[in-house]
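Each remark here refers to the structure printed beneath this line.
The values are calculated or read from the model by the stated rules, or taken from the named source; none is laboratory data. Computed from a predicted structure; not experimentally measured. Here Cβ is always computed from backbone atoms with ideal geometry, including for glycine, and neighbour counts include all displayed protein chains. Ligands, DNA and RNA are excluded from the accessible area calculation, which covers all protein heavy atoms including side chains. Shrake-Rupley method; radii C 1.70, N 1.55, O 1.52, S 1.80 Å.
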Amino acid sequence: MFTSNNYKKIIVALVFGWVAIWIYRTILTPIYPQIQDALGNASNAEIGLIASVYFFAYTGMQIPAGALVDKFGQKTVLIPAFIGFAVGAVVLGTSTTLPQVYIGSLIAGLATGSYYGSAYSLSAKHVPKEKKTFANAVINSGSAVGMVIGLIGSSVLVGGLNVEWNWMLYGTALIILGITFVFYINIKSDKQLEAMEDQTAKTTTDTKNVVKEDDGVSLFSSKHLTIYFVYFAVCYGYYMIVTWLPSFLVAEKGFAQSDVGYVSALVAIAGIPGALIFARILDRRQQDRLKYILALLIIAAVMIRLTVYSPSPWILYIALILYGLFGKLAIDPVLITYVSDSLPEHKTAKALGLFNFFGMASSVVAPWLTGFIGDTTGSQIIGFYIGTVLLLVAALLFFLVIYLRDGKNSQHA
């Protein structure tokens, strides 16, 4: 049914897609002071809105993008979307005022909003079943690679070598265009794929499309609403760290600006093996999946708190590494698989769209709220504390609503 070269090429292309997106998302965070100066001493809340505007547009595109992908196909949506993504980066790079910065972020957010649905519908359709969890973890690792490049690259080039911050955006636009070409080469259109598929694949696809119209499974059951909130909390802590950790380390931990990119990148570097390890474990120990989710939520909460209250740099480094190992990048493929397995196949795509919508909603709130707290109180510590509390509440709800019920069922299965 699957040609090995085909699905492997798709995975490679999707990894590069996340690399480009996360270079853009993180390239500005270590150099907020330079951007603030260039834009006339903008406040922390105004700077935080750069990320919030992007994520607002990105989040808003989740459900419409699913409809576009269903109608026109992944390749037809991805190519123009990434061209628009490059345009957004250039608009932001040429900005001399905050409104223009927000417009660039809005364009980039709208353009990349189609990526999640396109990427995971491609992997769901073309990756062999026994390899899907690990494949999703590999695809997710592209975000960690992009985060490392963005954080370290901007810290070294702008913070250390005094390169103008605008040039970082121009370079990012070139990277985006290069990866757009990778999509063009490695991702086949639906018509091309139909020509490549053999009769067995067609038969399997036809069989999968025969489903009951009313199966009684709700996308807004207590179980699924809990999962949506869990992902909201997971994303809140992660995007708060991605957006404000470099600035927090400089302002409240005494780090040199040229060093914060390296320190912040510890989360992404540790996240790659964490995601791959837990994906392998999940493939082999499906019955323990709920225990892993619960444990990962609690550990992530503790590590965010330890990041704020660490008495020495070494404890901070350990907290960030452990957060990378057990945080969002490790939790993502586990939750995605859980959501997919909890529903009939014809509702999976819609459920994942809702799942990502609620998760990414936190990315709209976290950057602005943390910046506002910093402006109001003179410290961003409360913002990090909110991230910790949300994860603990999510763990408690997951335990009460899902683990106590489904955990017992899986043990007796």
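Here's the yes/no breakdown for (1) surrounded by fewer than 17 Cβ atoms within 10 Å (Cβ to Cβ); (2) without any contact (Cβ under 8 Å) to a residue 60 or more places away in the chain; (3) aliphatic (A, V, I, L, M):
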residue	(1), (2), (3)
S247	no, no, no
E252	yes, no, no
Q257	no, no, no
A270	no, yes, yes
G274	no, yes, no
I281	yes, yes, yes
L294	no, no, yes
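Collect the residues in region 92-147 that are over 22 Å from L329 (Cβ atoms) and of a type in the set (F, W, Y), keeping them in residue-number order.
Residue satisfying the conditions is Y102 alone.
Give me the residue from region 311-320 that is open to solvent by 10 Å² or more (accessible area, probe 1.4 Å) and closer than 17 Å to S247 by Cα and, out of that set, modelled with the highest pLDDT. Reasoning before the result, please.
Filtering region 311-320 for residues open to solvent by 10 Å² or more (accessible area, probe 1.4 Å) gives 311-315, 317-318.
Filter once more, keeping what is closer than 17 Å to S247 by Cα: 313, 317.
On the way: P313: 84, Y317: 88.
My answer is Y317.
From the list A268, A256, A201, A275, which one is within 14 Å of D332 (Cα to Cα) and either out of contact with any Ser or Thr (no Cβ under 9 Å at 6 or more places or on another chain) or modelled with pLDDT of 80 or more (or both)? Write out each step before concluding.
Details: A268 fails: either out of contact with any Ser or Thr (no Cβ under 9 Å at 6 or more places or on another chain) or modelled with pLDDT of 80 or more (or both); A256 fails: within 14 Å of D332 (Cα to Cα); A201 fails: within 14 Å of D332 (Cα to Cα).
None of the other options fit; the residue is A275.
Looking for whichever is free of Cβ contacts under 8 Å to residues at least 40 places away in the same chain and crowded, with 22+ Cβ neighbours inside 10 Å here; the options are G142, G88, G113. Which one fits? It would help to see each step written out before you state the result.
Working: G142 fails: free of Cβ contacts under 8 Å to residues at least 40 places away in the same chain; G113 fails: free of Cβ contacts under 8 Å to residues at least 40 places away in the same chain.
Just one listed residue meets the conditions, G88.
In region 96-110, which residue that is open to solvent by less than 10 Å² (accessible area, probe 1.4 Å) and in contact with a Leu (Cβ under 8 Å, 6 or more places away or on another chain) is farthest from W165 (Cα to Cα)? Can you show your working first?
The first filter runs over region 96-110 and keeps only residues open to solvent by less than 10 Å² (accessible area, probe 1.4 Å), leaving 101, 104-105, 108-109.
Next, only the ones that are in contact with a Leu (Cβ under 8 Å, 6 or more places away or on another chain) stay: 101, 104-105, 108.
On the way: V101: 13, G104: 15, S105: 15, A108: 17 Å.
Result: A108.
All but one of (1) hydroxyl-bearing (S, T, Y); (2) open to solvent by 30 Å² or more (accessible area, probe 1.4 Å); (3) more than 23 Å from G353 (Cβ to Cβ) hold for S154, so report the exception by its number.
Of the numbered conditions (1) hydroxyl-bearing (S, T, Y); (2) open to solvent by 30 Å² or more (accessible area, probe 1.4 Å); (3) more than 23 Å from G353 (Cβ to Cβ), the odd one out for S154 is (2).
Mind telling me which of the residues A108, A119, A89, A144 ends up being of a type in the set (G, A, S), modelled with pLDDT of 80 or more, more than 30 Å from Q257 (Cβ to Cβ) and in a helix (DSSP H, G or I)?
A119
So for region 31-45 (the condition being crowded, with 23+ Cβ neighbours inside 10 Å, within 17 Å of the chain's Cα centre (by Cα) and in a helix (DSSP H, G or I)), does at least one residue qualify?
no
Go through region 381-413 and give me each residue that's modelled with pLDDT under 85, open to solvent by 10 Å² or more (accessible area, probe 1.4 Å) and more than 29 Å from I63 (Cα to Cα).
Let us first name the residues in region 381-413 that are modelled with pLDDT under 85, namely 405-413.
Still in the list and also open to solvent by 10 Å² or more (accessible area, probe 1.4 Å): 405-406, 408-413.
R405, K408, N409, S410, Q411, H412, A413, listed by residue number.
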